[in-house]
Amino acid sequence: MSTKLLSMREAIQRFVPDGATVLMGAALESLIPFAAGHEIMRQGRGDLTLVGPISDILFDQLVGGGCVRGVIAAWVGNVSAGLGHNYRRAAEEGIPRRIEIQDHSNLSLALALQAGALGVPFIPTKTLLGTDLLKTNPTLREWTVPWTGDRFVLVPALQPDVAILHVQRADSGGAAHCWGNLGVSVEAALASHHLILIAEEIVSAEVVRSDPNRVLVPPIKVRAVVHEPYGAHPSPVQGYYNRDHAFYHEYHLATRTVEGFAAWAKQWILDLPSRMAYLETLGPTRVAGLGVRQHRWAAPVDYGY
């Protein structure tokens, strides 16, 4: 089996060019690939369109770093504090640049990715009828069934250039296990043209094959596997570490101004060459304090015949 293992730097260089449409944060508030976003900023990528239901502060950081041309999302900000200062400055004042915003609900974004995964042009839904999303997202179309008179909103397909997903473990060929809240991870992986997996652990193919129902997507979809422990911090990874609530609040306070964000980004991203350096800056005591406090193992599953 040929290996797809790459360093984070190599994976971003190969599969995240300027102008790409990049999906991140598919699992909502968990498994957010912060380490990948930070490498995108270090490499100075630009004109990106970010896609994700709830990206927490990752999208806010990329917007503040000047990497972003547009956002297709249900929500952008800081879940703990509510507001993403960089996102608001960009949307309201064009700082550091004006961004295009395409509004979705969590469900309509999921439907758009599902349509992309199925290779169909749209999926109809009733849930957006009567909402202002039809005013703020010009890609949504209201439609009436001619033979019944039923009204629907047509949600067009989304097919990002690349999806970056964080998982608990993967083998070197791209087969991966993921558990906990998956959000729209499966739909995102199948809809996107390229897929980068960021894994807490690299395991043997035998480990992955031992539990086929937990495999996220067919390995053939995967272009690169990156081994990056704690690569989702400060978001949680179930079974590995918890959410660093304090980090979100510290970020909120530090980024109230453009100058504050610049100083924060220099300390936590731009001056750090790797995730290892990031963890050293975070400190071993804080890292250890995020560990799993109470293990809750799943019962064994018998796949025998």
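The values are calculated or read from the model by the stated rules, or taken from the named source; none is laboratory data. Everything numeric here is computed off the predicted structure, so don't read it as measured data. Here the Cβ is made from the backbone with ideal geometry for all residues, glycine too, and neighbour counts use every protein chain on show.
Quick notes
- Scanning the range 197-226 for residues that are touching a Gly at 6+ places or on another chain (Cβ under 7 Å) and in a loop (DSSP other than H, G, I, E, B) gives a single hit, V222.
- Selection over the range 100-138 of residues that are loosely packed, with under 13 Cβ neighbours inside 10 Å and under 22 Å from Y87 (Cα atoms) gives a count of 5.
- Odd one out for H38, checked against (1) assigned to a helix (DSSP H, G or I); (2) more than 16 Å from M24 (Cα to Cα); (3) not hydrophobic (A, V, I, L, M, F, W, C): (2)
- Every condition in (1) touching a residue at least 12 places away in the same chain (Cβ under 8 Å); (2) part of a helix (DSSP H, G or I); (3) under 27 Å from R9 (Cβ atoms) holds for P234 except the one numbered (2).
- Residue check, L165 crowded, with 17+ Cβ neighbours inside 10 Å, more than 25 Å from L5 (Cα to Cα) and modelled with pLDDT of 95 or more: no
- Restricting the range 218-242 to residues that are crowded, with 24+ Cβ neighbours inside 10 Å and of a type in the set (V, I, T) leaves a set whose member that is nearest to A298 (Cα to Cα) is V237.
- Subset of the range 32-45 [under 12 Å from the mean Cα position of the chain (by Cα) and over 12 Å from E228 (Cα atoms)]: I32, G37
- Residue match in the range 74-96 (condition: modelled with pLDDT of 95 or more, of a type in the set (K, R) and either part of a strand (DSSP E or B) or within 20 Å of H245 (Cβ to Cβ) (or both)): no
- Summed over the range 102-150, the residues that are over 17 Å from the mean Cα position of the chain (by Cα), in a helix (DSSP H, G or I) and more than 19 Å from T21 (Cα to Cα) give a count of 4.
- For the range 240-277, residues that are part of a helix (DSSP H, G or I) and either in contact with a strand residue (DSSP E or B) (Cβ under 9 Å, 6 or more places away or on another chain) or within 28 Å of A91 (Cβ to Cβ) (or both) total 23.
- The sole residue among P300, P229 that is under 23 Å from the mean Cα position of the chain (by Cα) and assigned to a loop (DSSP other than H, G, I, E, B) is P229.
- Subset of the range 151-160 (residues that are part of a strand (DSSP E or B) and in contact with a helix residue (DSSP H, G or I) (Cβ under 9 Å, 6 or more places away or on another chain)): V153, V155, P156
- Flag if L58 is within 19 Å of H252 (Cβ to Cβ), touching a Pro at 6+ places or on another chain (Cβ under 8 Å) and assigned to a helix (DSSP H, G or I): yes
- Selection of the range 261-295 for residues being surrounded by 12 or more Cβ atoms within 10 Å (Cβ to Cβ), more than 24 Å from R9 (Cα to Cα) and in contact (Cβ under 8 Å) with a residue 24 or more places away in the chain yields R286, L290, V292.
- Those residues of the range 161-196 which are within 12 Å of the chain's Cα centre (by Cα), outside any strand (DSSP E or B) and not β-branched (V, I, T), in sequence order: L182, G183, S185, A188, A189
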